[in-house]
Amino acid sequence: QEISRIRRIINRVAGNRAQTVFSDIVGKNMQFLECVEMAKRAAKTASNVLLTGESGTGKDLFSQAIHNASTRMDESYIAINCAAIPRDLLGSELFGYTGGAFTGANRGGNPGKFELADHGTIFFDEIGEMPLEMQASLLRVLEEKAITRIGGRDSISVDVRIIAATNKAIEREVEKGNFRYDLFYRLDVISIKLPPLRERRDDIPLLIEHLARKIVGTLNKEIRRIDSGFIDVCIDCDWPGNIRELQNMIEKA
């Protein structure tokens, strides 16, 4: 318990923190505001959350805001992109390993993300890309509230809130056999589907102003005004890359 407490303090100092809060999320579209309201309600619970929606719709921001509005806000927030970590390394990343567990392993072993996130939140981005064998391991952690390091024998209790996100039609992946149905039902306690930007065009002028103000600070530029014709063109676009594409275009402009 003492080691766990010290590790949590180190995590707070090391910067495993969520930056975004709900006041940073911009929008007035009714469909979008319903998502924000549902996310605020989810933050007050300990339930797992599944965020769905196209790439660039802000799933990561919602995850951070949920953590920061929860009772775990002072604990660690650790984000993992399941598509970015090679499958043979994902197990040691999540569960850690003991000394000598495999060639090149740290002599003293290494804690995994679950240990580092104890009493906090883990955000699994692109959960639909997680290999099936790792899905079984994750399901066991959710059921037992404990992990075992690779190469180890001892069970280590962990108290972690899971927020997962995917841009895939996850129900279809379950039907195809690419995603475990039992894990899906474990994660899909509170489901929030974020709308694409083309379905909230009334938010585009607001988003342009917000993003421009944010970007000019990082680029050390000054914008005196935004031409209405520019805004009209943006409203007419479909934005397949959603808010991320809009942000990149404003930065380029």
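Quick one: pull the percent of accessible area on region 54-143 belonging to carbon and sulfur, 1.4 Å probe, ligands and nucleic acids left out. All intermediate terms of the calculation are to be shown ahead of the outcome.
On the way: 1700 of 3610 Å².
Looking at region 54-143 in its full context, I get 47 percent from C and S.
Straight-line cross-link partners of K28 among the lysines, defined as a Cα under 30 Å from its Cα and at least 8 positions apart when in the same chain: K40, K44, K59, K168, K193, K214, K221, K252.
Length gained on full extension, S23 to K145, computed as 0.36 nm times the residue gap minus the Cα-Cα distance: 40.7 nm.
Subtracting the Cα-Cα distance from 0.36 nm times the residue separation, let me have the gained length for D159 to D202 in nm, one decimal. The partial results should precede the final answer.
Values: separation 43, 0.36 × 43 = 15.48 nm, distance 4.06 nm.
Taking 0.36 nm per residue and subtracting the Cα distance, the gain is 11.4 nm.
Listed highest first by mean packing, meaning other Cβ atoms within 10 Å per residue, what order do 53-59, 236-242 come in?
On the way: 53-59: 20.7, 236-242: 14.9.
Peptide ranking by packing, descending: 53-59, 236-242.
Pull up the DSSP beta bridges for the chain and report the antiparallel fraction as a percent, rounded to 5.
Beta bridges within the chain, antiparallel portion: roughly 20 percent.
When only alpha carbons are used to place a centre, region 204-253 and region 116-151 end up 38 Å from one another. Return a whole-number percent for the relative contact order of the chain, with Cα pairs under 8 Å and 6 or more residues apart as the contact set. Averaging sequence separation for qualifying contacts and normalising by length gives 25 percent for the chain. Length gained on full extension, S228 to Q31, computed as 0.36 nm times the residue gap minus the Cα-Cα distance: 68.4 nm. With all protein chains kept in place, the per residue accessible area of region 143-253 amounts to 63 square angstrom at a probe of 1.4 angstrom.
Would you mind counting up the charge near D236? Only other residues with Cβ under 12 Å from its Cβ, with Lys and Arg at +1 and Asp and Glu at -1. Local charge sum for D236: 0.
Leaving ligands, DNA and RNA out of it, rank E251, E144 by accessible area with a 1.4 Å probe, largest first. Walk me through the numbers on the way to the answer.
Numbers: E251 90, E144 115 Å².
My answer, sorted largest first, is E144, E251.
Of the listed residues R225, R149, R172, R198, the order by accessible area with a 1.4 Å probe, largest first, is R225, R172, R198, R149. For a quick check: with amide H placed at 1.01 Å from N, whose amide H comes under 5 Å from G99's, ignoring anything fewer than 5 positions away on the same chain? So G99 has HN proximity to G109. Across every pair of non-identical alpha carbons in region 106-169, the mean reciprocal distance, once inverted, gives a Kirkwood radius of 12.8 Å.
The values are calculated or read from the model by the stated rules, or taken from the named source; none is laboratory data. Not measured: the values here are computed from a predicted model. For neighbour counting, all protein chains shown are included, and Cβ atoms are generated from backbone atoms with ideal geometry for every residue, glycine included. When the accessible area is computed, the model is the full protein with side chains, heavy atoms only, and any ligands, DNA or RNA have been set aside. Shrake-Rupley method; radii C 1.70, N 1.55, O 1.52, S 1.80 Å.
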